[in-house]
């Protein structure tokens, strides 16, 4: 039985909007040109592929449902009260294979010593075997290293095989399209003579596929990133956190966008008292320290939730509301920057000949703003969407650390870091939770930064002219 | 000039009123004092008497905007709005929900905050300007390209990583300085070094890249070409012309955050257990002390607005072309 959270709905709305824009832009050369420029940059294309992988994970994690319970006597299907997502199903055992407590990455023994009763009745203090990590081995202390290396080698070659075949298929399609021979296409790719830098795409794809096969192969019988305090697989947590990061990064901008565009255009176009009011509004909001405004709002939401507990049917729903609320608050604190940019640009544009001409023809104000001004400030909107994304993903971690981020029950990198920050003081150090969260976040933010640089270079007319 | 400053200050007043109204609405209208009391006292089935007592102790039992039971002026002053919001304008922050004098606490905690933020700003500016200038000087070379890539990579690392990693590496493995804590007088230096250094590292990526762009923009201008055509050496053009002119946007950009240095840094202070205003705010947030959060919102806004005014003034001082109106 499907469940649709509010953020799920908004995510898919966003996906449809992007698809709609792509279809629309295909027919309009001036919209296509800057994007084509982006596809000519090798770094941007590599980053785009990595972002795409993240997005796929996020989308699979946004399809929620109540799983059906198998053991039921009546004909009516019975659904579990638990909510899982398609990603949970795809990850399968990763979710359910929980240990008792900490275990290091790829370990077969637990992290700390425990009293274990032996078969002859005596008790010894030793590292107990893990329930799932390395459970297929008879004597992990001697076998596990060779087993891991064997698995890595096998999966490495498997990954190479898959990536070579994927590359081959893409090359075939390319050669069909360009009416070239297969070999000729390959040479052109290697020498980078095709307009799109395919060599960068192929390298990224091969890397991703190989790493994926290695991780999949190892995760069958090990915890690749170890387990956390309650024994949950860290890899699973990191993958589940992808959705939270993406939601914060995209929905925040989506929510504030209509408002920022409207106020920015109005302030620049009408000037006079409307401009004064809007300027007053954003100076006031801007002068409240962002973190404090977020803190105040989240505190108030907590008060609201604790007083209206009956309204929320599940923990997930509560977490989702808080996530949405966080997006809205972040949107409120971050629309001012875009609004100011749009206002400044509109002030310049309204004096331009075609706007004056439209006014002389008696075209309505609304129409001028929508038809003449909006398309000409779209590059600013586009640049600020992609530039904001990485900052928002990083902000989530900090806010969750402060305790005013997403719900503590929700998977997020910030929560992972927050719960792991005391583990660094342990001896020996429990580093894997932190490391996994930082690595996943770093890869996402780095690709977003590289991609947004390319988008900015392609869209900013000042840079394009040079 | 004085006229201009006075006008700017007058313009700041409606903004402060706006801030005040927003915080008032957030804290007292959207959520009533009853909700706050229930939240603070914890129990859902708390008695009505306990809530009344809690509100009475903190002065939240008054009507919100208009008090009909009071005499004359008291109709306006004996209200939550006047007692808790209007008084902020006089920097009378009142007492926190746990009963401490907020103004006293703020006064006590300003110095530790400044002892982190001021060295952080000074050393940060020095380092970022140097790096930015180096990258701009070697523009287009491998040094520049690898420097920019390094900057992007460093920008992409979460600030929390620098803090946790730095504490672990320098404090725990190398035992160079204590991991966290604070002391008075000169003893505090060993506690300050690490947070300042980590703050500096954390800002390198974004700032260096930004300053490099400023210097590059300056290098493309006509007067630089003229200076070079006159036969000036590359280094003297760099120091006398590019650096001096590039400093204008950099320093005027710094002016806006100068007053906010009092507020300290939320994350750094709480990680390093520095008793400044940043950790004060964090503690207030986690113990859900609304009175402190409200005061800090107001204080932060005042400091930001002062920063804006200072920025405008600094523009007119630095660049005579900017007219005062």
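Only residues that are exposed (fewer than 14 other Cβ atoms within 10 Å of the Cβ) and in a loop (DSSP other than H, G, I, E, B) were counted across the stretch A:119-129, and they come to 4. Within the stretch B:125-143, being more than 14 Å from chain A (Cβ to nearest Cβ) and either touching a residue at least 12 places away in the same chain (Cβ under 8 Å) or within 19 Å of residue A:388 (Cα to Cα) (or both) holds for B:125, B:127, B:128, B:129, B:131, B:132, B:133, B:134, B:135, B:136, B:137. Of all residues in the stretch A:396-410, those that are more than 8 Å from chain B (Cβ to nearest Cβ) and part of a loop (DSSP other than H, G, I, E, B) total 6.
Taken together, the residues in the stretch B:286-306 that are facing chain A (nearest Cβ under 7 Å) and modelled with pLDDT of 80 or more amount to 7. One residue is enough: does the stretch A:302-314 have a residue meeting the conditions buried (at least 23 other Cβ atoms within 10 Å of the Cβ), closer than 29 Å to residue B:32 by Cβ and in contact (Cβ under 8 Å) with a residue 12 or more places away in the chain? Checked the stretch A:302-314: no residue is buried (at least 23 other Cβ atoms within 10 Å of the Cβ), closer than 29 Å to residue B:32 by Cβ and in contact (Cβ under 8 Å) with a residue 12 or more places away in the chain.
Against the list (1) away from chain B (no Cβ under 14 Å); (2) part of a helix (DSSP H, G or I), the condition residue A:304 fails is (1). Within the stretch B:244-273, residues that are away from chain A (no Cβ under 14 Å) and within 29 Å of residue B:224 (Cα to Cα) reach partners that are in a loop (DSSP other than H, G, I, E, B) and at pLDDT below 85 with beta carbons closer than 7 Å, at six or more positions or on different chains, in the pairs B:248/B:319.
Each row is one residue, and each column tells you yes or no for (1) under 14 Å from residue B:291 (Cβ atoms); (2) over 32 Å from the mean Cα position of the chain (by Cα); (3) at pLDDT 75 or above.
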| position | (1), (2), (3) |
| --- | --- |
| B:40 | yes, no, no |
| B:43 | no, yes, no |
| B:46 | no, yes, no |
| B:49 | no, yes, yes |
| B:65 | no, no, no |
| B:68 | no, yes, no |
| B:73 | no, yes, no |
| B:86 | no, no, no |
| B:100 | yes, no, yes |
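If you go through the stretch A:281-292 and keep only what is outside any loop (DSSP other than H, G, I, E, B) and within 7 Å of chain B (Cβ to nearest Cβ), you end up with A:283, A:284, A:287, A:291, A:292.
Is the stretch A:423-433 home to any residue that is within 14 Å of chain B (Cβ to nearest Cβ), in a helix (DSSP H, G or I), over 30 Å from residue B:171 (Cα atoms) and more than 22 Å from the chain's Cα centre (by Cα)? The answer is no, given that none of the residues of the stretch A:423-433 is within 14 Å of chain B (Cβ to nearest Cβ), in a helix (DSSP H, G or I), over 30 Å from residue B:171 (Cα atoms) and more than 22 Å from the chain's Cα centre (by Cα). Only helices (runs of 4 or more DSSP H) whose full extent lies in the stretch A:1-118 are considered here, and the ones with at least 3 residues that are surrounded by 13 or more Cβ atoms within 10 Å (Cβ to Cβ) are A:6-26, A:29-39, A:42-60, A:86-91. Given the structure, is residue A:180 outside the structural domain of residue A:411 (by TED's automatic domain parsing), free of Cβ contacts under 8 Å to residues at least 24 places away in the same chain, surrounded by fewer than 19 Cβ atoms within 10 Å (Cβ to Cβ) and in contact with a helix residue (DSSP H, G or I) (Cβ under 8 Å, 6 or more places away or on another chain)? For residue A:180, the condition - outside the structural domain of residue A:411 (by TED's automatic domain parsing), free of Cβ contacts under 8 Å to residues at least 24 places away in the same chain, surrounded by fewer than 19 Cβ atoms within 10 Å (Cβ to Cβ) and in contact with a helix residue (DSSP H, G or I) (Cβ under 8 Å, 6 or more places away or on another chain) - is met. Out of A:274, A:328, one residue alone is surrounded by fewer than 20 Cβ atoms within 10 Å (Cβ to Cβ) and within 14 Å of chain B (Cβ to nearest Cβ). It is A:328. The residue that is nearest to residue B:182 (Cα to Cα), among those in the stretch B:274-285 that are more than 14 Å from the chain's Cα centre (by Cα) and either without any contact (Cβ under 8 Å) to a residue 60 or more places away in the chain or at the interface with another protein chain (Cβ under 9 Å from one of its Cβ atoms) (or both), is B:283.
Please tell me if residue A:264 is in contact with a helix residue (DSSP H, G or I) (Cβ under 6 Å, 6 or more places away or on another chain), within 14 Å of chain B (Cβ to nearest Cβ) and crowded, with 23+ Cβ neighbours inside 10 Å. No: the conditions fail for residue A:264.
Residues of the stretch B:157-204 that are at the interface with another protein chain (Cβ under 9 Å from one of its Cβ atoms) and either more than 22 Å from the chain's Cα centre (by Cα) or in a helix (DSSP H, G or I) (or both): B:159, B:160, B:161, B:164, B:165, B:167, B:168, B:172, B:179. Residues of the stretch B:101-119 that are over 29 Å from residue B:190 (Cβ atoms) and surrounded by fewer than 21 Cβ atoms within 10 Å (Cβ to Cβ): B:101, B:103.
To keep it simple, each residue is scored yes or no on (1) surrounded by fewer than 13 Cβ atoms within 10 Å (Cβ to Cβ); (2) outside any helix (DSSP H, G or I); (3) under 31 Å from the mean Cα position of the chain (by Cα); (4) at pLDDT below 90.
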position: A:171; (1), (2), (3), (4): no, no, yes, yes
position: A:174; (1), (2), (3), (4): no, no, yes, yes
position: A:194; (1), (2), (3), (4): no, yes, yes, yes
position: A:205; (1), (2), (3), (4): no, no, yes, no
position: A:210; (1), (2), (3), (4): no, no, yes, no
position: A:215; (1), (2), (3), (4): no, no, yes, yes
position: A:218; (1), (2), (3), (4): no, no, yes, yes
position: A:225; (1), (2), (3), (4): no, yes, yes, yes
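Residues in the stretch B:205-231 that are part of a loop (DSSP other than H, G, I, E, B) and either at positive phi or modelled with pLDDT under 90 (or both): 3 in all. Of the candidates B:15, B:80, the single residue that is modelled with pLDDT of 70 or more, under 30 Å from residue B:314 (Cα atoms) and in contact with a helix residue (DSSP H, G or I) (Cβ under 8 Å, 6 or more places away or on another chain) is B:15. Within the stretch A:411-422, the set of residues being more than 10 Å from every other protein chain (Cβ to nearest Cβ) and in contact with a helix residue (DSSP H, G or I) (Cβ under 8 Å, 6 or more places away or on another chain) comprises A:411, A:412, A:415, A:416, A:419.
The values are calculated or read from the model by the stated rules, or taken from the named source; none is laboratory data. In this text, all values refer to a predicted model and were calculated from it rather than measured experimentally. Please note: Cβ atoms are built from the backbone with ideal geometry, for glycine as well, and neighbour counts cover all protein chains shown.
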